[in-house]
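Just below is one structure, and these are the notes that go with it.
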Amino acid sequence: MLETARNTRTDGRRDLVTELLGLWLVLAVFLDGWAHLNLPSLETFFTPWHAALYSGMLATAAWTAVVIFRNRAPGQPLVQSIPAGYRGTVVGLILFATAGGLDLLWHELLGIEVSLDALVSPTHLLLGFSLFLILGTAVRSARASHSASPGDHPALPPATLFAVVLMTGLGAFFLIYVSAFVRPGPTALFVPTPVGSPGRVQAELPVVVTLASYLLTTLLIIAPFLFTLSAAKRPVRGVVTLLVAAAAWLPVAMLGFRTYSIAGAAGATIAAVAADLMLARLPATWLRRRLPAVTGGIAAVLWTGQLLAFAVTDAIRWPVSLWLGAVVLSAAVAAGLALLSSWAPAGSAGSGARGRTSPRGSRLSPPEADAVHNDQVITLVKVLHTILFTAGYLAIAVVASVISYYGRPELGLGIILTATAMLVTLLIASAVVNRRQKRAVESAKDAEAAAAAGHTRTYSANVSESYEHDALTVWSLIRPAESAVLLSNAQRAFTVPGTPAGVGEQQCFIGRDGSVSVIEVIGEEGPWWATTRPISPGEMNSRSTYRLEPTSTGCTLTLGTVIELPANEVLAEDPDQWWETQMRPYLTRIKEVLAARQT
């Protein structure tokens, strides 16, 4: 028994060193991701960021070799000397070396990825898979030790918990484009657009992506939590906080510590600490019999913490049905995942589950039926919200009454008064938000009606700037959607997936204030000219033209616009001066970026 304990401690220290090297690799991955996002001029495979990653891999390979040789008995074949759990590590190292060579060849032939394609590039995905194998070393080692002597390892080893957290962080890297911690989310303005209205899909696209991000980020946190729970009798102290820190702060740092991301991550982290404190006091029977309720509660607490941080630092601009629905859906996904992980076969359980989950009304319906269905769903959601709020207030009233009955009437009265004040504040806030939303929708409808009636006024303006660079150089800078991050106040810009390159291409821009706009290319002849139009709801009916003309010293870029407004609206007393004020910072920024690249 003493020898077994000694070997266990030795293996734990060995695995901890392996996972510390894994931390080096994970940080290097995020550092490289930061470079791809923030350094658009990155045009070579040989960078300091790749050096950090591949040097970490060499250190891991050297340590793995030391581990194998230390474990080797005299005369034993080298393959049989690999400790339990480290075979996957060796495979991961070989795969990483192979993927690294393929990645170098990929970059030399096809160039450096600068956007979403960097995350889903086949060579990068192979590198990620090999990293998962390496980071999972302590998990495999602990499982092998537990299989050999199941009674000796009731708790989760520190190295194993560290490995799970690192793998969660790596998963957050490859899913950063659907992370709920890197989007403005409910702080972004959303104006509900009636079914059938132009631009409805574009208006709802950011909300749809954010809702999907909440669900996938919930899975990213809850799945490893359930894994750690399956390997130990009780949740490891601080496990939720560690998982949230890995899933939130690493992506936030990779994107450059933006204000809304910091607020959301901080709120979720504080909520995670509260969840860990509650888990520490939770009866063991709840973890066995009511695990779906526990995990659903964890998800609800995390996202509520994030929403509270948004409300304190900025504002929640989504309707209550959206942000509260996001919390409820995330809790349902967490509960469902826990239910699947603890599912036990039973006689009729399978058929019962199928009967509950079979979808209804899956056939497409005409717009009128769709609108009726949406109205019914909205009505149902409102009724459920009313029931939940009423039940919650009644529960508080019952608790206050019990406290008063047992000799603390002043405390009971204080609870009732506080709950009533909060309820009134919430109702007033909801009324104000709903009123503003209705006004915004009515204003949009009035503008559309005026435009449809044909009573419009047209404005046109142009502004130019000369550059000491050829037209192709300037075009290659201003043409990609991602360049807006460098040239304007956009914090995120990308080409809408599924749209064609060139004419018909749609580009989405997310401002630092949370605003979202989408434009469509309606004409183009590179590198000489392009014409675009906005397709976001509420945008002015306009056309913008980018025209490049060669000169003896370089080229001239002319930005023109034609704007059509209702006759009762005035753009400016001097449209040319207004356009000059709007576009001069953009033209100046182009010159600054070109000069920086030249040096």
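Can you find a residue in the range 508-530 that is out of contact with any strand residue (DSSP E or B) (no Cβ under 8 Å at 6 or more places or on another chain) and part of a strand (DSSP E or B)?
Taking the range 508-530 as the starting set, the residues that turn out to be out of contact with any strand residue (DSSP E or B) (no Cβ under 8 Å at 6 or more places or on another chain) are 513-515, 525-526.
So of that shortlist, the ones also part of a strand (DSSP E or B) come out as 525.
Yes, there is a match, as at least one residue in the range 508-530 is out of contact with any strand residue (DSSP E or B) (no Cβ under 8 Å at 6 or more places or on another chain) and part of a strand (DSSP E or B).
From the list L559, L565, the one residue that fits, being in a strand (DSSP E or B) and at pLDDT 90 or above, is L559. Contact map, the range 143-170: first residue modelled with pLDDT under 80, second residue open to solvent by 50 Å² or more (accessible area, probe 1.4 Å), Cβ cut-off under 6 Å, separation 6 or more or different chains; pairs are A144/A84; H153/H146; P154/K233. Per this entry, L78 is counted among residues that are open to solvent by 70 Å² or more (accessible area, probe 1.4 Å) and modelled with pLDDT of 75 or more. Scanning the range 20-69 for residues that are of a type outside the set (A, V, I, L, M, F, W, C) and at pLDDT 85 or above gives G22, S55, G56, T60, T64. Would you mind stating whether L242 is in contact with a helix residue (DSSP H, G or I) (Cβ under 7 Å, 6 or more places away or on another chain), at pLDDT 90 or above and either outside any helix (DSSP H, G or I) or crowded, with 19+ Cβ neighbours inside 10 Å (or both)? So L242 fits the description; yes. Taking (1) outside any loop (DSSP other than H, G, I, E, B); (2) without any contact (Cβ under 8 Å) to a residue 60 or more places away in the chain; (3) more than 29 Å from the chain's Cα centre (by Cα) in turn, Y546 satisfies each apart from (2).
Does S536 satisfy the criteria of being within 32 Å of the chain's Cα centre (by Cα), part of a loop (DSSP other than H, G, I, E, B) and among the hydroxyl-bearing types (S, T, Y)? Yes. Within the range 292-308, the set of residues being open to solvent by 20 Å² or more (accessible area, probe 1.4 Å) and either of a type in the set (A, V, I, L, M) or in contact (Cβ under 8 Å) with a residue 60 or more places away in the chain (or both) comprises A293, A300, V301, L308. The residues listed here are R512, R492; of these, the one that is under 21 Å from G185 (Cβ atoms), among the charged types (D, E, K, R) and either surrounded by fewer than 20 Cβ atoms within 10 Å (Cβ to Cβ) or touching a Lys or Arg at 6+ places or on another chain (Cβ under 7 Å) (or both) is R512.
Of all residues in the range 62-108, those satisfying the criterion of being in a helix (DSSP H, G or I) and among the β-branched types (V, I, T) are T64, V66, V67, I68, V79, T89, V90, V91, I94, T98.
The values are calculated or read from the model by the stated rules, or taken from the named source; none is laboratory data. This one's a predicted model, so the numbers in the text were calculated from it and none came from an experiment. Positions of Cβ are generated from backbone atoms using ideal geometry, with glycine treated the same way; all protein chains shown enter the neighbour counts. What goes into the accessible areas is simple: the full protein's heavy atoms, side chains included, and nothing from ligands, DNA or RNA. Shrake-Rupley method; radii C 1.70, N 1.55, O 1.52, S 1.80 Å.
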